[in-house]
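**Q** Structure incoming, see below.
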Amino acid sequence: MEYLPLLPILLLSVILHEMAHGWMALKLGDPTARDLGRLTLNPIPHIDPIGSILVPALSLLTAGTVFIAWAKPVPINPANFKNLRRDDILVSVVGPLSNLVVAAFCALFYGIVISFTGSVNAMADGVEREVTLFLLKMFSVGITLNIFLAVFNLLPIPPLDGSHVVASLLPPAIGARYRQIGFAGIILLLLIMRVPFVRESILSVVETLEIPYHFIIRLFV
């Protein structure tokens, strides 16, 4: 039950992340994601058995959180891009950027809920209080979760978005070999996230990036 408020926002966040990739690819001339029905909020086409189920479960057991998750990657056909390196970078970074936008909406909705309900401590026990607590928890966690997803996905380890940026900046031959690491990088990621220094460094970056989002909330308090 502790993680129940996290599940809806986590599902929405990873879906919007992948939709952002597909949307940007479409804008750059590649309709593959659109034609395969991946530009939809329907979660079924986006569920990845590994990233949506297995890895979250493993991360919960090993790292004590379920922040590490992703939806099924949207199919991209780079042959449709006019400028392969530039367009691949744009498609890659728009996913993490979408998470930062979702975090901003979570902060906005958190503030709106507070402005309408006032102090939860002053509310009598009942359905209204429980719903308010659920929403506040979901939006609060949503801020941290989405910033974490943005930072995590920008790590330069395949198959994360950051690895696509690095591969596009490398000489073509070296970039191609770098991409071949593929999903073997998932094992490396799980191991890295168990290293206290790495985990604490990432969380430190997340906490720093959270600061402007707290200013949004303060507009309503």
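**Q** One residue is enough: does region 2-15 have a residue meeting the conditions modelled with pLDDT of 80 or more, closer than 14 Å to D161 by Cα and in a helix (DSSP H, G or I)?
**A** Within region 2-15 (the criterion being modelled with pLDDT of 80 or more, closer than 14 Å to D161 by Cα and in a helix (DSSP H, G or I)), the answer is yes, since at least one residue qualifies.
**Q** (1) within 19 Å of the chain's Cα centre (by Cα); (2) in a helix (DSSP H, G or I): which one isn't true of L155, the others all being true?
**A** (2)
**Q** Moving on. Filter region 127-140 for residues that are of a type in the set (S, T, N, Q) and at pLDDT below 90 and give the result.
**A** T132
**Q** Go through (1) of a type in the set (A, V, I, L, M); (2) closer than 29 Å to V131 by Cα; (3) in a helix (DSSP H, G or I); (4) modelled with pLDDT of 80 or more and name the single condition A33 misses.
**A** The single condition A33 does not satisfy is (2).
**Q** So V74 fits all but one of (1) over 13 Å from the mean Cα position of the chain (by Cα); (2) surrounded by 15 or more Cβ atoms within 10 Å (Cβ to Cβ); (3) modelled with pLDDT of 90 or more; (4) farther than 15 Å from I15 by Cα; what number is the exception?
**A** Condition (4) is where V74 drops out.
**Q** Let me ask you something else. Of the residues I143, I147, I211, only one is outside any loop (DSSP other than H, G, I, E, B), closer than 18 Å to L100 by Cβ, touching a Cys at 6+ places or on another chain (Cβ under 6 Å) and at pLDDT 95 or above; which?
**A** Values: I147 fails: touching a Cys at 6+ places or on another chain (Cβ under 6 Å); I211 fails: touching a Cys at 6+ places or on another chain (Cβ under 6 Å).
Result of the check over I143, I147, I211: I143.
**Q** Is it the case that region 141-153 has a residue that's of a type in the set (A, V, I, L, M, F, W, C) and surrounded by fewer than 17 Cβ atoms within 10 Å (Cβ to Cβ)?
**A** No.
**Q** If we scan region 181-190, do we find a residue that is touching a Gly at 6+ places or on another chain (Cβ under 9 Å) and in a helix (DSSP H, G or I)? Give the steps one after another, and end with the answer.
**A** Taking region 181-190 as the starting set, the residues that turn out to be touching a Gly at 6+ places or on another chain (Cβ under 9 Å) are 186.
Now restrict to residues that are in a helix (DSSP H, G or I): 186.
So far as region 181-190 goes, yes, one or more of its residues are touching a Gly at 6+ places or on another chain (Cβ under 9 Å) and in a helix (DSSP H, G or I).
**Q** Counting only residues that are charged (D, E, K, R) and assigned to a helix (DSSP H, G or I), which one in region 191-202 is farthest from I157 (Cα to Cα)?
**A** E200
**Q** Same structure again: Provide a single number: the residues in region 38-49 that are in a helix (DSSP H, G or I) and surrounded by 14 or more Cβ atoms within 10 Å (Cβ to Cβ). Steps first, please.
**A** The initial filter retains those residues of region 38-49 that are in a helix (DSSP H, G or I), namely 44-46, 49.
Still in the list and also surrounded by 14 or more Cβ atoms within 10 Å (Cβ to Cβ): 45-46.
Of the residues in that region, 2 qualify.
**Q** Can you tell me which residue within region 166-190, out of those that are more than 21 Å from the chain's Cα centre (by Cα) and of a type in the set (A, V, I, L, M), is farthest from D88 (Cα to Cα)?
**A** Looking at the filtered set, the residue picked out is I181.
**Q** Now a separate question. Taking the stated definitions as given, is T62 of a type outside the set (A, V, I, L, M) and modelled with pLDDT of 90 or more?
**A** no
**Q** Please go through region 110-128 and give me each residue that is in a helix (DSSP H, G or I) and without any contact (Cβ under 8 Å) to a residue 60 or more places away in the chain, ordered by number. Let's see the steps before the verdict.
**A** Taking region 110-128 first, the residues in a helix (DSSP H, G or I) are 110-117, 120-122, 127-128.
Listed by number, the residues that qualify are V113, F116, T117, V120, N121, A122, V127, E128.
**Q** Right, next: Quick test of your reading of the structure: V131 fulfils all but one of (1) within 30 Å of I53 (Cα to Cα); (2) in contact (Cβ under 8 Å) with a residue 12 or more places away in the chain. Name the failing condition by number.
**A** Of (1) within 30 Å of I53 (Cα to Cα); (2) in contact (Cβ under 8 Å) with a residue 12 or more places away in the chain, only one is false for V131: (2).
The values are calculated or read from the model by the stated rules, or taken from the named source; none is laboratory data. Since we're looking at a predicted model, the values are computed, not measured. Cβ: placed from backbone, ideal geometry, glycine included. Neighbour counts: every protein chain shown.
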